[in-house]
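Here's the structure, in structure tokens; my notes come after.
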Amino acid sequence: MQTPESESDSSQLDTENSSSPLADFALAWGLLTSIPLPVVPTHTSPSPGRAAAYFPLVGLILGGALAGAGWLFHWLLPTNVAAALLLAVWVGLTGMLHLDGFMDSCDGLLPPRDRERRLEIMKDSRVGAFGVVGGVLLLLVKFTVLAAMPAGYRLAMLVAVPVLARWSMTWQMARYPRARSGGLGVLFTTGLGWPQVVIASAVAVAVAFFLLGWSGLILLAAAWLAATLVAGLAMARLGGLTGDVYGATGEVVEAVLLVIVTGLAGF
């Protein structure tokens, strides 16, 4: 039989261990962006993986900011200058975290190494030749595509692409095992289940269809395919995924979708 004191302690423990949508969103925001929130919840979620449900919503807010910046830059400046500044804003809003993960993944996944050495390389903060070359090529592709994208597609794509890229990260986190028993990647999959994937998918589908119609759903399928290919490479060489791989997936999906739309617009 519980005493009033024990019931009070149990209630307090349940409150501390409960997860609020605001706390989950704040966690997702802090992981995916470099922009501080004006109001930060005092209690953190005991199940950080639930924050993955809000990844596409964070992408939607980032996409809105990018669309506004893109409109302003292209209105005031020549195309190439506007594209360069827009890319700088894009990288800056994410704190270069995903780009760092992409470069680490290039160093760890591409050269011939054994599994343990790959994981060691990806944990190292230093960047190797594969990472530098991969990062330069990625930024070059993004800049070229942003400069070449027809104006009629630009605003919709700047909003939709970050949403779909972050949805693909949620999908990977729920679908594939982790390569390490610890680390950030494991932390942010704790408490993640298919309900979070359903919520994230609903947001991604709604945004893609509203902005681009049936073409948006085709881009969603392309995002899934790109994420699956990146995950397949990581599974083959690491036996699982890491936080760096999630970041790399976001960057790859963004680049692939931008290339697809710009290429199809040419026809």
Problem set entry | Residue list for the range 100-130, filter: outside any helix (DSSP H, G or I) and of a type outside the set (Ser, Thr, Tyr) | Leu110, Pro111, Pro112, Arg113, Asp114, Asp124, Arg126, Val127, Gly128
Problem set entry | Selection from the range 73-93 of residues that are surrounded by fewer than 14 Cβ atoms within 10 Å (Cβ to Cβ) and farther than 23 Å from Val252 by Cβ | Trp75, Leu76, Pro78, Asn80, Val81
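Results for (1) under 17 Å from the mean Cα position of the chain (by Cα); (2) under 26 Å from Met122 (Cα atoms); (3) not charged (D, E, K, R), shown as yes or no for each residue.
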| residue | (1), (2), (3) |
| --- | --- |
| Tyr153 | no, no, yes |
| Val159 | yes, no, yes |
| Ser168 | yes, yes, yes |
| Ile199 | yes, no, yes |
| Val256 | yes, yes, yes |
Exercise. Could you say which residue among Arg180, Arg175, Arg118, Arg166 is buried (at least 21 other Cβ atoms within 10 Å of the Cβ) and modelled with pLDDT under 95?
Worked result: Arg118
For this session: Report whether or not Val133 is outside any helix (DSSP H, G or I) and over 20 Å from Val89 (Cβ atoms).
Result: no
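What about Gly49, is it part of a helix (DSSP H, G or I) and modelled with pLDDT of 80 or more? Spell out how you get there, then give the answer.
Numbers: part of a helix (DSSP H, G or I): yes; modelled with pLDDT of 80 or more: no.
The answer is no for Gly49.
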Exercise. Going by the conditions given, is Gly250 in contact (Cβ under 8 Å) with a residue 40 or more places away in the chain and of a type outside the set (A, V, I, L, M, F, W, C)?
Worked result: yes
For this session: Starting from residues that are aromatic (Phe, Trp, Tyr) and either more than 16 Å from Met157 (Cβ to Cβ) or at pLDDT below 90 (or both), keep the ones in the range 183-213 and report whichever is surrounded by the fewest Cβ atoms within 10 Å (Cβ to Cβ).
Result: Trp194
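The values are calculated or read from the model by the stated rules, or taken from the named source; none is laboratory data. Nothing here was measured: the structure is a model prediction, and the numbers come from that model. Every residue, glycine as well, gets a Cβ built from its backbone with ideal geometry; the counts of neighbours run over all protein chains shown.
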